1. Within the stretch 449-505, what whole-number % of the accessible surface is contributed by carbon and sulfur, with the 1.4 Å probe and all protein chains included in the calculation?
2. Once whole DSSP H runs in the chain are found, which of them have Cα atoms spread over 20 Å or more along the helix axis and a mean Kyte-Doolittle score of at least -0.5?
3. Which shape class applies to the stretch 97-211: rounded if a/c is under 1.5, otherwise prolate when a/b exceeds b/c and oblate if not, where a ≥ b ≥ c are the square roots of the Cα gyration tensor eigenvalues?
4. Could you give the size of the charge dipole of the stretch 632-726 about its Cα centre, using +1 on the Cβ of each K and R and -1 on the Cβ of each D and E, expressed in debye and rounded to the nearest 20?
5. Quick check on packing: order 284-291, 62-69, 166-173, 270-277 by the mean number of other C-beta atoms within 10 Å, highest mean leading.
6. Would any residue of the stretch 218-258 have its amide N under 14 Å from a label point 7 Å out along Cα→Cβ of ASP24? List them or say none.
7. Just to make sure I understand: if all protein chains stay in place, what is the order of LYS262, LYS383 by accessible area at 1.4 Å, largest first?
8. Accessible area per residue of the stretch 128-212 at 1.4 Å probe, in Å²?
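The values are calculated or read from the model by the stated rules, or taken from the named source; none is laboratory data. Treat the numbers as computed from the prediction; the structure is a model and nothing was measured. Positions of Cβ are backbone-derived with ideal geometry, glycine not excepted, and every protein chain shown enters the neighbour counts. All accessible areas refer to the heavy atoms of the entire protein, side chains included, with ligands and DNA or RNA removed. Shrake-Rupley method; radii C 1.70, N 1.55, O 1.52, S 1.80 Å.
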Amino acid sequence: MTNAEMPRVGAREKVTGAARYGADHTPPGVAYAMPVVATVGKGRITRLDTTAAEAVSGVLLVLSHLDDLGIVPAGYIMAGGYAFQSLQPLLDDRVAYRGQPIALVVADTLVAAAEAAGLVRAVYEEEPFAVELDAAGTETVLQEEALPLPFLADVVVGDADGAYERSPLRVDAVYEAGPQHQVPMELIGGVAEWRGDTLVVHEGSQSVGALRGGLARQLGLDPDRVEVIAPYVGGGFGQKNSLQPHLAPLAVAARRLGRPVKLVLPRADTFHAASFRPVSRHRVRLGADRSGRLLAAIHEVDQQASRHDLLPASYTEITSRLYDIRNFRGRQRHVRTDVQTPGYMRAPFEHPAAFALESAVDELAHAAGRDPVELRLANDAVKDPVTGKPFSSRHLAACLRRGAELFGWAGRSPDPCSMRAADGTPVGWGVAAGAYPAMTVPVLARVRAGADGGVLVEAGGHEMGQGMTSALVSAVAQDLGIGAGSVRAVVGDTRVAPHHLTAGAWGTHSTLLAVHAALRELRERLGVPPEGPVDVAAAVAATGEREVVTEAVTRGPGQPPEAVDRMRAGLVAPDGPDYPDHVAFSFVAHFVEVRVEPAAPRVRVSRVVSVADCGRVASPVTADAQVRGAVVWGIGAALSEHSEVDPRFGGFLNADLADYVIPVNADVGAIEVDFIGEPDLTLNPMGVKTLGEVALVGVAPAIANAVFHATGRRPRRLPIRIEDLL
Ligand code: MOS
């Protein structure tokens, strides 16, 4: 199949508006809900007056803690539950953070619901709160003590402190990455509808299984009585990776009213209704010999937490093995603040961790007088320095070499402030690398081959725009040697399969493995050879059946069968990156050119070259788009995206797309993407690793390093602001 024949499934539907996202579903008789949120930083609701709201024409219901909703919390996703945080609003008078929902208004029309929501009056007893890392009243806990799980223990290899002290060349610096929000285009929202005693939910989600399991727990239902449908997701990025607290109250409202209820959260509410990327602060110490050969690294991280949950951190998972560092000490701490529970946002730990480490490595290269690409190549690892196991595959050096070639790195003049554009604008060239764990989750896939020659795949997985369905359709078409037009894939639907969370960039490769296994079984049932083209219509007809159906369940190589039970229950069960016989990571190298305007030092990213090692590229057209999108994300992360916090106020201030500044086309220069494309057959029979998140890792430090090269000023805080360069 040539690139031109590779399908981009759903493209036509999306650009013509035919694609139906969760809240596009508008069943007859639907009512509309609108939340009311807390306007204090912390405290207790002493009075809630809903009289004026209830008097608005068309208002049907106002739900709050004054009512008995008959629901229980769904539990925190990282502690055996289903929700993005343990706290379920509307169950008591507590306000844990500004923006927390305190009531839900339901009305005949959206206009009536919105007007009434604005008329709900709350009186609070306020309490002191803290929303910044250094504020009085925060509480700091060590991850190793607070979350005593082996895989969350601090990474300690060799004697990092001793080796650091003895190193002739040392870097010691603190880097900070601010809070961010995922802001996918599709807002958070959905439709809850009862059909008899079955709850049907349409909502964009990365985990229809968690919504199903969580709602069943909250409402006391058999999970078989909950159906969750999300054929399209308008961007997830971690925001939609678990159950959010609006859904159970929505289901309660729908049951009480005997009609479907729809909720679409206003953009501002999404800044407090779901998770976000927490602030993290990194002290990095690197010790090296005079040539820049790394002898020791110490990476200490403080990550923001909520009062009620700790998001398990794994910043040092990649910083301990991006290079061959024989003496490494990691230490991760949590700082409890009064916010909703922070969570996963694309490359949740790896992006800020790489900003810290890869900036420090650039500082080291500068101190050693070495070219930063050369220095990285000199420190490349042959086996995993943490476990001593081999990498399933590792082509970081190839990424660096090919990137340097494509970028024209040889033409770089090493000194800061030494390069200028034709018009005299200072130019900087920077490089950085990234890694991301290749994890595997349990997946059930079913293949239905019809006597008409068509093949339908039904599998656990979610299409969030990353291209999973394109990858599945091309895999089946290539495997059977049939046209992509004869293949259809259904994902994001609990009616066809149980679903594991799609996140951590494990989605496409895990689902491909199950489809691959189901296809092997199909070939056996059809009595055709295990490989080579198949005349599906003839082979099915020869069986005398109208349709031949096979099913396979796959899981990670290090996983017990119970992992499959967890998947079936909608709970998380990832395997890796530390597998029994190897460790598995994807790698990337980014090369960046910036121009810094001389008057006010505004940074423009004029050119980026990114080369990724994600094993075999499952779907070239969508993989290319994934990396481009990640580069745009990196530009935002490096230069503009920041959720603003006022310590006197709480919550997030710039809760809209005018003030939360994401890159627009004018902010994005030329992007060139390439892949090493070497299949990783040690990891799995498809040879596919992971891509969606690694693509972002290292973009921000490559930009920061380019800014240093252009200006001689070292950015140590994200986003890099004009005032940092004055
Ligand atoms: Mo994604 S940040 O792993 O949900």
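1. The nonpolar share, carbon plus sulfur, comes to 47 percent.
2. Span-like helices, by this rule, are 350-368, 507-526, 620-639.
3. prolate
4. 420
5. Working: 284-291: 20.1, 62-69: 17.8, 166-173: 15.9, 270-277: 25.0.
Top of the packing list down: 270-277, 284-291, 62-69, 166-173.
6. The answer is 230-235.
7. On the way: LYS262 20, LYS383 115 Å².
From most exposed to least exposed: LYS383, LYS262.
8. Ligands and nucleic acids excluded, the result is 42 Å² per residue.
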